[in-house]
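First up is the structure itself, then whatever we jot down about it.
The values are calculated or read from the model by the stated rules, or taken from the named source; none is laboratory data. Predicted, not measured: the structure shown is a model, and the values here were computed from it. With ideal geometry, Cβ positions are generated from the backbone for all residues, glycine too; neighbour counts draw on all protein chains shown. Only protein heavy atoms, including side chains, enter the accessible area calculation; ligands, DNA and RNA are left aside. Shrake-Rupley method; radii C 1.70, N 1.55, O 1.52, S 1.80 Å.
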Amino acid sequence: MSDITRDDVRAAVGAGMMSEAQAASLIALAQSRSGVRQHMSGLDEPFELFRGFNEIFIVVGLVILFAGWLGLTGFSIAATSSSGYLLTGLYAFICMGVTIGLARYFTLTRRMVAPSIALSVFFAQGAGQLGMAIGWAIGGQLPMTITIASATAVLLLCVYYLYFRVPFTMALIAGGTFLTAFAAVTIGGTFPQDPNEIFLLTAEGPFAILTMVLGLVGLAVALRFDISDPHRITRRAASGFWLHVIAAPAIVNTVALTLFTVGTLSAQLLLVGFVNAMAIFAIVIDRRSFLVSGVGYIVALSITVMEDQAFIAVLLLGLVLIFLGAKWEAIRRGLMNRMPGFPGKTRLPPWELMTENT
């Protein structure tokens with residue numbers, strides 16, 4: 001009899017044979033028996049890029065195959081003739097068709113992680129190339145063409161996600177949404193004069209506000225995924241993870257960089273308070289991405305303010321992060337037990353479900 005895998009448990013949850021709580025307890029029991037959870041006091045945040053070197057081997061082959069395809073067809077065709085538009089669109093359809101065929105095998109049949117991620121990236125490139133062909137065909141200028149290309153990629157990636165359910169696709173959708181919004185703004189002739197304007201609320205132009213708004217929207221969708229799968233058994237939680245990876249820097253960078261560049265004492269104090277608030281928020285929702293996004297600003301602030309003793313502050317910060325990583329579950333359990341009830345608290349990842357005796 002073959003061993004039951006995590007994918008089997010996910011399938012059982014999807015088929016309604018067991019609840020997510022029962023599946024989480026079953027996984028915890030299996031991990032406890034194998035010694036994995038011997039020193040773990042709570043839920044860990046699932047993250048998986050590959051399951052074995054064979055997946056890396058396949059990804060290398062896929063990358064070489066894709067590079068050869070781009071070498072033969074070209075990433076884009078000159079947009080000076082109708083044949084250029086048609087060839088670009090044809091190559092895009094071939095790329096997406098082959099990618100879908102490979103994904104049906106590696107994603108749906110073999111359930112491989114790394115090849116599924118690579119194929120979603122290749123599909124995004126093909127979808128973007130199709131959008132470029134459409135933009136060239138209607139005679140749009142570069143901002144319009146980029147807007148059409150990124151919007152086309154986002155729409156097709158949404159369909160791809162609904163069919164294959166590859167969590168990493170959510171990161172591509174979020175990134176494409178940001179690119180679409182920024183490109184749409186530039187159609188009117190508004191361009192960022194400096195890359196920092198994308199995050200500086202004090203800069204002229206709508207880019208920082210747009211970044212903040214899109215980050216908050218991404219956070220809302222990510223939390224929706226988290227609430228729908230609090231025990232983090234299904235791919236919804238992994239999809240939420242990738243959205244957090246995109247949304248957290250958009251929110252934290254916009255506020256933190258704005259406060260950091262102001263340079264006043266009050267702004268520096270607000271920056272420390274904001275990063276602390278993000279750390280608490282990260283612990284409450286059990287996502288470390290917000291905490292990681294703010295660490296760089298604390299390091300930069302320490303170097304700016306403390307100068308000669310900056311590395312002492314950096315050393316202490318490193319110790320704090322190591323302590324948080326080692327005691328994350330215990331810290332979260334203590335914090336959640338002391339926090340008053342608020343809407344949605346009971347729908348967050350449980351903080352006392354899995355103990356050593358589970």
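Among the residues of region 152-183, those that are over 20 Å from Ile100 (Cβ atoms) and open to solvent by less than 50 Å² (accessible area, probe 1.4 Å) comprise Ala174, Gly175, Phe178, Thr180, Ala181, Phe182, Ala183. The residues in region 100-115 that are of a type in the set (Lys, Arg) and not in a helix (DSSP H, G or I) can be counted, and the count is 2. Residues in region 136-193 that are among the aromatic types (Phe, Trp, Tyr) and part of a loop (DSSP other than H, G, I, E, B) were compared, and the one that is nearest to Phe225 (Cα to Cα) is Phe168. Met96 fulfils the conditions (1) more than 24 Å from the chain's Cα centre (by Cα); (2) open to solvent by less than 50 Å² (accessible area, probe 1.4 Å) except for a single criterion, (1). Please tell me if Ala256 is touching a helix residue (DSSP H, G or I) at 6+ places or on another chain (Cβ under 6 Å), closer than 21 Å to Leu157 by Cα and of a type in the set (A, V, I, L, M, F, W, C). In short, no.
Of all residues in region 194-216, which are open to solvent by 50 Å² or more (accessible area, probe 1.4 Å), assigned to a helix (DSSP H, G or I) and touching a residue at least 24 places away in the same chain (Cβ under 8 Å)? Matches in region 194-216: Asn196, Leu216. Within region 130-138, one or more residues are at pLDDT 90 or above, open to solvent by 10 Å² or more (accessible area, probe 1.4 Å) and under 28 Å from the mean Cα position of the chain (by Cα). Residue pairs whose Cβ atoms lie under 9 Å apart, separated by 6 or more positions or on different chains, with the first residue in region 230-243 and in contact (Cβ under 8 Å) with a residue 24 or more places away in the chain and assigned to a helix (DSSP H, G or I) and the second of a type in the set (S, T, N, Q) and surrounded by 20 or more Cβ atoms within 10 Å (Cβ to Cβ), are Ser239/Thr169; Phe241/Ser289; Trp242/Thr169.
None of His231, His244 is over 18 Å from the mean Cα position of the chain (by Cα), open to solvent by less than 40 Å² (accessible area, probe 1.4 Å) and under 30 Å from Phe164 (Cα atoms) except His231.
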